[in-house]
Amino acid sequence: MSTRKPTIRDIRSMKQKHEKIAMVTAYDYPSAMACARANADMLLVGDSLGMVVLGYDSTLPVTMADMIHHTSAVRRGAPGSFVVTDMPFMSYQASVSDALHNAGRLMKEAACDAVKLEGGQAIVAQVAAMIAAGIPVMGHIGLQPQSVHQLGGYRLQGKTAGQAHSLYDDARRLEDAGCFAIVLECVAENVAQLIAESLSIPVIGIGSGPYVDGQVLVFHDLLGINGAYVPSFAKSYKHLLDEMANGVTAYRDEVRTGSFPPAGQVASVDPAVMAALRKEYNLGGHH
Ligand code: KIV
């Protein structure tokens, strides 16, 4: 991909050229800088930030204010990257007008390039209205973490013929409504393959096997910053939480032993001035 900021046409053409798409989540200024330096094809400000950054036990508490705050930081850290932002729980489900209003806020106030929302047939009207308003939309089906209570847990989707049919129908509907790409989360890999082969838009998988057009991973999982649960399908290329703790431990030890900071690192005032001050404050000699 070239160095100018990618567009949805570039993303779509990667599928035609059989180029795999590498998307990764980013939530703040430094994670965005790291992803931009690595030339990730797309950055996703996922509502997974509720769990991996804010420590909630699901994505449900995440607000529009959280998404705007974090997306703005990502935009500052990666001005030349294609940034997709998740629409948080209950910012689009209740009505087309909520969806338009909130997607518009994310584009205007946080300067993302596209929004992503969870759901198939049930949210097609919202998707179509947003696209008609000029807002690029990425779909998200399969495991939908915002519906974890309805689904009864985080588990593999598309395991029966009925589930596979309904996933396929949802994917087709989202493509027909105008989505430029869709995420398939935790879908049986041969069902994911069938969907990727049937759609002309890119299908980005997470926990859905290799036979799709691209992958997305959560930044904290792939870098080993996630102290809590790491899903079995994720791969940790680094173990940075351990590295961070080691760094802080080294600092703590040096503070305790007095070797940090070293004397002389910071400028001193003229000794004659100090001597006068010490005399004025009735302090003894130098320490
Ligand atoms: O919120 C998120 O990070 C996501 C990805 C896991 C696809 O939606």
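Remarks
- Of all the numbered requirements in (1) in contact with a helix residue (DSSP H, G or I) (Cβ under 7 Å, 6 or more places away or on another chain); (2) within 16 Å of the ligand (Cβ to nearest atom), His69 misses one, and that requirement is (1).
- Residues of segment 72-95 classified as within 11 Å of the ligand (Cβ to nearest atom) and of a type in the set (A, V, I, L, M), total: 2
- Pairs meeting the criteria (first residue in segment 30-52 and more than 20 Å from Pro136 (Cβ to Cβ) and of a type in the set (Gly, Ala, Ser), second residue open to solvent by 30 Å² or more (accessible area, probe 1.4 Å) and within 14 Å of the ligand (Cβ to nearest atom), beta carbons under 7 Å, at least 6 apart or on different chains) are Gly50/Tyr56; Gly50/Pro61.
- Counted residues, segment 271-287 - those being part of a loop (DSSP other than H, G, I, E, B) and either open to solvent by less than 90 Å² (accessible area, probe 1.4 Å) or in contact (Cβ under 8 Å) with a residue 40 or more places away in the chain (or both): 2
- Residue in segment 170-181 that is free of Cβ contacts under 8 Å to residues at least 40 places away in the same chain, within 16 Å of the ligand (Cβ to nearest atom) and basic (Lys, Arg) present: no
- Of all residues making up segment 28-52, the number that are under 17 Å from Gln146 (Cβ atoms) and not charged (D, E, K, R): 8
- Of residues in segment 168-213 being surrounded by fewer than 20 Cβ atoms within 10 Å (Cβ to Cβ) and acidic (Asp, Glu), the one farthest from Ile135 (Cα to Cα): Glu189
- Residue match in segment 18-29 (condition: open to solvent by 20 Å² or more (accessible area, probe 1.4 Å), without any contact (Cβ under 8 Å) to a residue 60 or more places away in the chain, of a type outside the set (Asp, Glu) and out of contact with any Lys or Arg (no Cβ under 7 Å at 6 or more places or on another chain)): yes
- Filtering segment 1-17 to residues that are part of a helix (DSSP H, G or I) and open to solvent by 70 Å² or more (accessible area, probe 1.4 Å) leaves Arg9, Arg12, Gln16.
- Of the listed requirements (1) within 16 Å of the ligand (Cβ to nearest atom); (2) of a type outside the set (A, V, I, L, M); (3) in contact with a Phe, Trp or Tyr (Cβ under 9 Å, 6 or more places away or on another chain), Tyr251 misses just one: (1).
- Count of residues meeting criterion [part of a loop (DSSP other than H, G, I, E, B) and open to solvent by less than 40 Å² (accessible area, probe 1.4 Å)] in segment 152-167: 2
- Filter result (within 14 Å of the ligand (Cβ to nearest atom) and of a type in the set (A, V, I, L, M)) within segment 226-235: Val230, Ala234
- Any hit, segment 214-233, residues being closer than 22 Å to Asp41 by Cα, open to solvent by 60 Å² or more (accessible area, probe 1.4 Å) and of a type outside the set (Gly, Ala, Ser): yes
- Considered as a group, the residues in segment 235-262 that are under 30 Å from Gly205 (Cβ atoms) and in a helix (DSSP H, G or I) include one that is most open to solvent (accessible area, probe 1.4 Å), and that residue is Glu243.
The values are calculated or read from the model by the stated rules, or taken from the named source; none is laboratory data. Keep in mind it's a predicted model, so treat the numbers as computed, not measured. Heads up, the Cβs are rebuilt from the backbone with ideal geometry, glycines too, and the neighbour counts pull from every protein chain shown. Accessible surface is based on the protein model in full, side chains and every heavy atom, while ligands, DNA and RNA are left aside. Shrake-Rupley method; radii C 1.70, N 1.55, O 1.52, S 1.80 Å.
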